Amino acid sequence: MSAQAWTQVAAAFAFAALASGLAWRLKLGLGSGIALAAVRATVQLAVVGLVIAVIYEHPPLAVAFVAAMLLTAALTSGGRLHAVHGSRIWAAVAIGLPALSATGLLLAVGAFEATPQAAIPTAGILIGGAMAATTLTGRRLIEALHDEQDAIEARLSLGDDVRSAVAPLVRRAVTTGLVPAIDQTRSVGLVSLPGTFVGLILGGATPETAARVQLVVLLALLAVELLAGLLIALTIVRRVTEPGAERINPPALG
Amino acid sequence: MLAAVPGPSISTALATGGVSATDLWLSRGGREILRGARLEVPRACVTALIAPSGAGKSTLLRCVTRLLDPDRGTITVGGQDVQTIPPRELRRRVGLVAQRATMFPGTVGDNVAYALEGVGPAHDRVRQAIEAAGLVGDWASRAADELSGGEQARVAIARALVRDPEVLLLDEPTAALDHETGELVGATLRRLAEDGIGICLAIHDLPFARRFADRAVHLDGSDATEAGRDEAPAA
Ligand SMILES: Nc1ncnc2c1ncn2[C@@H]1O[C@H](COP(=O)(O)OP(=O)(O)OP(=O)(O)O)[C@@H](O)[C@H]1O
Ligand SMILES: [Mg+2]
């Protein structure tokens, strides 16, 4: 490693030691938590760095890496939606379908190069965004289905089918799920510099390139997150609808 | 009225299209909620369903419009098994006014016109339904979610009325009403019954049932007319 590399690692650990020491002195009960998080991050990033280095040598392995990211995202999001039967599988569909389609599209039209260097971060960002939207939309919808049974039954009693009876809840859940993505897009550059931009700049790209790539990512995220939210919402509605009976079995909360 | 005006016989009810539920069993979460419940709601007649709190009145009414299915037992509407009637048609024929009224966004008129295709909130039918439910005056343009509980209860009744049901099930319709408004709604229900609709009130208020119902029954189908003493609600 170069001298600069050693300095980077040393600086990182100095900050972790400072935070951990301060927490310990102030009896925040966080000292070991901070230290543990720092160690975990070190190990995880070192491993990911190594794995990606291997993938650069053997590009087909990128497919396996993206599949692992998707699996992790589906387990994470699906675990939050476990009130609905088969949630992990449906989360995988809601996350994977839009995120992978968008990645494929961006590579196919040549917006980004079809290399692991471009494909892995693109897929990672889109999968991460879709995961957040899936969790947020799904949880909001499950809570609403549970809390608003009276309103749903009132609509059903007036002759609505299940789809119309839950439409206001679906609309609200999808909107909620998209709020962070919209806010992030609106405030970009003003409140924070997003990761893609920072990474490209630090890596030596021109500000113009960094801004352009960041824009592509942000706008793709909007579409991907909206689709992910819609997919998980429609899936949840279908899972709690009793076929033929025009009524729902509200999911238990937990 | 209970003793003075006997309702039509059950066989008449079936011939002319009322609700008939026999031997309903339903348990949820390991608890038996309905144990052999029965209910006859003949048309052109007001039936009061009298049972203590928690006995399963709401559950039984929700079974009739298939918001729930019993584990066992048969429910017919006009002699037709509800399982064979498409749910949306069933709910057009049998109106259910739930125990807790929920207002949809918009005005009273919007709420009442909700289920009517091509009928606006200012339509005559909407106005008539609002009035029939005991909201006399300029109510159609009021915001529904700003109404009092008793006013919302009447909007919920108007919403069901406007669909011209054959049978109207009302779950505790007078719970949020003062005496005067209760009388108004009671009179409306009587008028509807005289027009041929079958009305069923799940109700605690025995004096109200005595004034406005033709028959009063328990959850097991037995006559509650004489039950003033032991069935008077605790709540
Ligand atoms: N989904 C459910 N799961 C478990 N128990 C339930 C469920 N729904 C209702 N119950 C129980 O079934 C019983 C009957 O409820 P129901 O609402 O039908 O009574 P009710 O006669 O309408 O009472 P009230 O006069 O207080 O409205 C109650 O003890 C209630 O706690
Ligand atoms: Mg009840």
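The values are calculated or read from the model by the stated rules, or taken from the named source; none is laboratory data. What you see is a predicted model, and the numbers here were worked out from it, not measured in a lab. Cβ atoms come from the backbone with ideal geometry, glycine included; neighbour counts cover every protein chain shown. To get the accessible areas, we keep the full protein, side chains included, count just its heavy atoms, and leave off ligands, DNA and RNA. Shrake-Rupley method; radii C 1.70, N 1.55, O 1.52, S 1.80 Å.
Can you tell me how many residues in the range B:51-65 are surrounded by 21 or more Cβ atoms within 10 Å (Cβ to Cβ) and more than 10 Å from ligand 2 (Cβ to nearest atom)?
Total meeting the criteria: 3.
Would you mind stating whether A:GLY199 is out of contact with any His (no Cβ under 6 Å at 6 or more places or on another chain) and loosely packed, with under 14 Cβ neighbours inside 10 Å?
no
If I filter the range A:175-194 for residues that are in contact with a strand residue (DSSP E or B) (Cβ under 9 Å, 6 or more places away or on another chain), touching a residue at least 24 places away in the same chain (Cβ under 8 Å) and not β-branched (Val, Ile, Thr), do I get at least one hit?
yes
So B:LEU147 passes all but one of these: (1) open to solvent by 40 Å² or more (accessible area, probe 1.4 Å); (2) more than 13 Å from every other protein chain (Cβ to nearest Cβ). Which condition number does it fail?
For B:LEU147, the exception is condition (1).
Report, by residue number, each residue of the range B:79-106 that is more than 16 Å from ligand 2 (Cβ to nearest atom), facing another protein chain (nearest Cβ under 8 Å) and within 13 Å of the chain's Cα centre (by Cα).
B:ARG91, B:GLY95
Within the set of pairs 6 or more residues apart or between chains, which connect a residue that is farther than 16 Å from B:THR174 by Cβ inside the range B:35-59 to a residue that is near ligand 2 (Cβ under 9 Å from one of its atoms) and part of a loop (DSSP other than H, G, I, E, B) with Cβ atoms less than 7 Å apart?
If the second residue must be near ligand 2 (Cβ under 9 Å from one of its atoms) and part of a loop (DSSP other than H, G, I, E, B), the pairs left are B:ALA37/B:GLY56.
Hey, can you tell me all the residues within the range A:87-101 that are over 14 Å from the mean Cα position of the chain (by Cα) and open to solvent by less than 20 Å² (accessible area, probe 1.4 Å)?
A:SER87, the sole residue that qualifies.
For the condition surrounded by fewer than 14 Cβ atoms within 10 Å (Cβ to Cβ) and without any contact (Cβ under 8 Å) to a residue 40 or more places away in the chain, what is the one hit in A:LEU219, A:LEU158?
Being surrounded by fewer than 14 Cβ atoms within 10 Å (Cβ to Cβ) and without any contact (Cβ under 8 Å) to a residue 40 or more places away in the chain holds for just one of A:LEU219, A:LEU158, which is A:LEU219.
Exactly one condition in (1) of a type outside the set (D, E, K, R); (2) within 21 Å of the chain's Cα centre (by Cα); (3) part of a helix (DSSP H, G or I) is not met by A:LEU145; state its number.
(2)
Scan the range B:35-79 residue by residue and report those that are of a type in the set (S, T, N, Q) and modelled with pLDDT under 95. Write out each step before concluding.
Initial filter on the range B:35-79 (of a type in the set (S, T, N, Q)): B:47, B:53, B:58-59, B:65, B:74, B:76.
Listed by number, the list holds a single entry, B:SER53.
Counting just the residues of the range B:70-99 that are of a type outside the set (A, V, I, L, M, F, W, C) and without any contact (Cβ under 8 Å) to a residue 24 or more places away in the chain, which one comes out nearest to ligand 1 (Cβ to nearest atom)?
Among them, the one singled out is B:PRO87.
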